[in-house]
Every structure is written in C-alpha cells, then in structure tokens.
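To keep things clear, I will list the structure first and then write my remarks on it.
The values are calculated or read from the model by the stated rules, or taken from the named source; none is laboratory data. These numbers were taken from a predicted model, which means no experiment stands behind them. Cβ placement follows ideal geometry from the backbone for every residue including glycine, while neighbour counts extend to all protein chains displayed. For accessibility, only protein heavy atoms count, side chains too; no ligands or nucleic acids. Shrake-Rupley method; radii C 1.70, N 1.55, O 1.52, S 1.80 Å.
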Amino acid sequence: MLKTADNAVPVACWSCSVAKTPETLFCQHCSKIQPPLEGDFYSVFNLERKLNLDLAALEREFHRLTRKLHPDNFARATETEQAWSLADTAMVNDAYRTLKDPIRRTEYLLMLEGAQIGEEHSGKNRVDPSRVPADLLEEVFDLNMQLEEMRAARKLGETDAALEADLQTAKIKFDGLMADVDEQLKTQWGVWDQGDEATRKSAMTNMVSLIDRRNYIRNLVRDVNEALGS
Amino acid sequence: MAYSDKVVDHYSNPRNVGTLDKSTTEVGTGLVGAPECGDVMRLQIKVNPETQVIEDAKFKTFGCGSAIASSSLATEWVKGKTVEEALTIKNTDIVKELALPPVKIHCSVLAEDAIRAAIGDWKKKNGVAETAEAAVAAK
C-alpha cells in the first residue's frame, strides 16, 4: 500500500532525473539509492499509521531493505551514496525495532500524533498533571507495600511455604492485570485503525492512560519476579 | 549512570522512611506518581496546630534511587519549617543538592509534588484556605 501525502510534490531522482515518490529509499526507475527519508518510521516501510500490523510482512520488508542497503552493494558507489546507505540502514533498524514491538509501536504512534508520553513529558513538562487517577495510585501503592512485606519476610524467614504461595498469588495477580491492560490496548488499536477523527481522539486518550497503568504494573511484575528469583 | 555521593547516601540510609497515622487531623498525606517510569511516592507531614510547624515527616517511595533520595531529602527539609515555608521548596533545590542528572529531574519534581500534595491534604482537613499553587498540586 503506497501512501501519498496530499501535498506530495513529485521529486526528481538525483541520478536519472525521473520523478519518484518522495518517501522512498530507492528510485523506482533507476534503482539508485536516494537521500535519507525525512518521514517517520511508518514511511520507511510505506505503511499507514495503524496499530495492527502484518508483522510477517514487516519482517520480510525489513530483510529486503537491509539486503539492498548492505555495504557490499555500495563498495564502488560514491561517498555520498555510501553515507546514505549507512544512514538508511540505521533508520531502517530503528524503524523495525520500534514497529515490531507492540508497546513501543503504540507509544511511537501516540507520540507522532502529539500525545504527551515518555519521560521528557514527566514532571513539570507534563501538560496534564491530573493524569494519574488517585485510585490507581492507591492501588499501586498498596500492592507495592504488600510485595515489600513479602520480600522482607522472605529475606528473614528464608523458605516459608506460605510466603512462597503469597508471592505466587501476587505474581498471578500482576500477570493477570498486565494481560488485562494489553487486551484493552488491543481493543483500542482496533478503534484507532478503523476510527474517524473523533473516535481516534478518544482512542488516543484511552491508550495514553492504559500505557501509564501498564508502566506501574510492569514494575510490579518485575519486582515480584525478582522476589521469586526468576 | 553513576549516582552522586549524596544520592547514594540518601538511598542507602534513607531518612524518615515510614508511616504516620493518616486518620489524625494533624497529618497530611500526599501520594503522587510518575506514570512514565512507574514510580510511586507517599509523603506525610505532621503539623503542630498551634504553630503550623511541620514536626515530623515520613515517606515511602517505590522507585529508582533518585526518587528515593529526592523524597528522603524532602522530608529532611520540611521538618522544622512552617507549612508556608515548606511550600517554597522547589524541585530545582533538590536537583542542586543531589546533583541529579537531567534524566532524573522528574524525580525531584515528584518530591516537590508530594510536599505540595501533603500540605494540600493537611489544609483541606483543617479547613485552611489553600494557596492557588497548592490547590493545583493537590488535585
């Protein structure tokens, strides 16, 4: 699926001068490498900004581009072309790593769409400081307290069967919470992919708060696993 | 990333870890979180009703070393101050004292938010009119 922006002006290939689509790594006419893309990671793979992706197709495209960009192919090319191939390889790698991971992909898309997400928006840079619901904080704080008590007791009492069972129960609970969040995120992916502007906006808000919630639960899962020594 | 000596000191010997009785009117509780990293911080103050001086402060933080050090330092600083004086503590003071790197500045912001939230909670309990700034932080 080839994407053309509304304001897409055909660009001439630097080598053969034939018009080409702006967002392409190689000229469709003479196959020469083009200057690095100015677009985002989706444009690297000519994809629309959607959250349900065909991962097998993405991987095939990644391998195809990586092969085409291999330094061996540019051994006799100009210095500029060699530099482009390196820059393109870096971008293709970053794009693939980001898009193949469901959470990173979601965070990336939210960021592209202007959501306030990531550490640079934490603290004073956060536009909406009331974003963390008080009840979620209470819940997370209580879960952390329980977990800490269990870990402290474990340190003292070594192998306490009851404690081990408590930790296992906690792990099942946290894993369950995580699975719930991921399930809800997937639902929002669908809303985003099929939605119009209004539903997309609400899907974005939902996904931002789900990602927040997920960060807290991720830490709990990590801590309980650590306590269990797994 | 290397932590500064002061961070390591507060992290290995955190001051004032613990809990105050949240049901009494002299105690204000602030619970804040940074969703970006999943840190949660609770800071509590015990205020003398006559003098409005913060006589005791406790914290409990689940998070990285910088978050723990920031809240530990915050409890040290608010003790002995009046609530109004405590509101003048800025996250930048914490950054300076602990020599926090840029990526950890949000930990100091969290500590400042926690102070404001605790004072806001205490003011609400005691029917003290909130300053505009504290009202925002306590929401």
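Summary table below
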quantity: Residues within segment B:29-62 that are at positive phi and either small (Gly, Ala, Ser) or in contact with a Leu (Cβ under 8 Å, 6 or more places away or on another chain) (or both), tallied; calculated: 1
quantity: Where a residue in segment A:89-118 is within 14 Å of chain B (Cβ to nearest Cβ) and its partner, wherever it lies, is among the acidic types (Asp, Glu), with Cβ under 6 Å and at least six apart; calculated: A:Ile117/A:Glu107
quantity: Residue count for segment B:1-22, restricted to those that are open to solvent by less than 60 Å² (accessible area, probe 1.4 Å) and of a type in the set (Val, Ile, Thr); calculated: 1
quantity: Identity of the residue in segment A:52-79, modelled with pLDDT of 95 or more and part of a loop (DSSP other than H, G, I, E, B), that ends up farthest from the chain's Cα centre (by Cα); calculated: A:Asp54
quantity: Extreme residue, nearest to the other protein chains (Cβ to nearest Cβ), among residues of segment B:40-66 that are buried (at least 24 other Cβ atoms within 10 Å of the Cβ) and among the hydrophobic types (A, V, I, L, M, F, W, C); calculated: B:Val40
quantity: Segment A:55-66: number of residues that are surrounded by fewer than 15 Cβ atoms within 10 Å (Cβ to Cβ) and not basic (Lys, Arg); calculated: 6
quantity: Among (1) over 27 Å from A:Arg104 (Cα atoms); (2) surrounded by fewer than 20 Cβ atoms within 10 Å (Cβ to Cβ), the one test that A:Leu167 misses; calculated: (2)
quantity: Residue in segment B:23-39 that is free of Cβ contacts under 8 Å to residues at least 12 places away in the same chain, surrounded by 14 or more Cβ atoms within 10 Å (Cβ to Cβ) and not small (Gly, Ala, Ser) present; calculated: yes
quantity: Number of positions in segment B:40-55 that are charged (D, E, K, R) and either in contact (Cβ under 8 Å) with a residue 40 or more places away in the chain or more than 19 Å from B:Gly80 (Cα to Cα) (or both); calculated: 1
quantity: Odd one out for B:Leu98, checked against (1) touching a residue at least 24 places away in the same chain (Cβ under 8 Å); (2) more than 10 Å from chain A (Cβ to nearest Cβ); (3) over 22 Å from B:Val47 (Cβ atoms); (4) open to solvent by 10 Å² or more (accessible area, probe 1.4 Å); calculated: (4)
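Conditions (1) hydroxyl-bearing (Ser, Thr, Tyr); (2) assigned to a strand (DSSP E or B); (3) under 17 Å from the mean Cα position of the chain (by Cα), marked per residue:
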{"position": "A:Ser15", "(1), (2), (3)": "yes, no, no"}
{"position": "A:Cys30", "(1), (2), (3)": "no, no, no"}
{"position": "A:Pro36", "(1), (2), (3)": "no, no, no"}
{"position": "A:Gly39", "(1), (2), (3)": "no, no, yes"}
{"position": "A:Tyr42", "(1), (2), (3)": "yes, no, yes"}
{"position": "A:Lys50", "(1), (2), (3)": "no, no, yes"}
{"position": "A:Gln82", "(1), (2), (3)": "no, no, no"}
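Yes/no matrix, rows are residues, columns are (1) open to solvent by less than 80 Å² (accessible area, probe 1.4 Å); (2) within 30 Å of A:Lys50 (Cβ to Cβ); (3) free of Cβ contacts under 8 Å to residues at least 60 places away in the same chain; (4) under 21 Å from the mean Cα position of the chain (by Cα):
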{"position": "A:Leu136", "(1), (2), (3), (4)": "yes, yes, no, no"}
{"position": "A:Glu148", "(1), (2), (3), (4)": "yes, no, yes, no"}
{"position": "A:Gly176", "(1), (2), (3), (4)": "yes, yes, yes, no"}
{"position": "A:Val181", "(1), (2), (3), (4)": "yes, yes, yes, yes"}
{"position": "A:Gln184", "(1), (2), (3), (4)": "no, yes, yes, yes"}
{"position": "A:Gly190", "(1), (2), (3), (4)": "yes, yes, no, yes"}
{"position": "A:Met207", "(1), (2), (3), (4)": "yes, yes, no, yes"}
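Conditions (1) among the basic types (Lys, Arg); (2) farther than 18 Å from A:Glu81 by Cα; (3) surrounded by fewer than 16 Cβ atoms within 10 Å (Cβ to Cβ), marked per residue:
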| residue | (1), (2), (3) |
| --- | --- |
| A:Cys13 | no, no, no |
| A:Cys16 | no, no, yes |
| A:Lys20 | yes, no, no |
| A:Glu23 | no, no, no |
| A:His29 | no, no, yes |
| A:Gln34 | no, no, no |
| A:Asp40 | no, yes, no |
| A:Glu48 | no, yes, yes |
| A:Leu53 | no, yes, no |
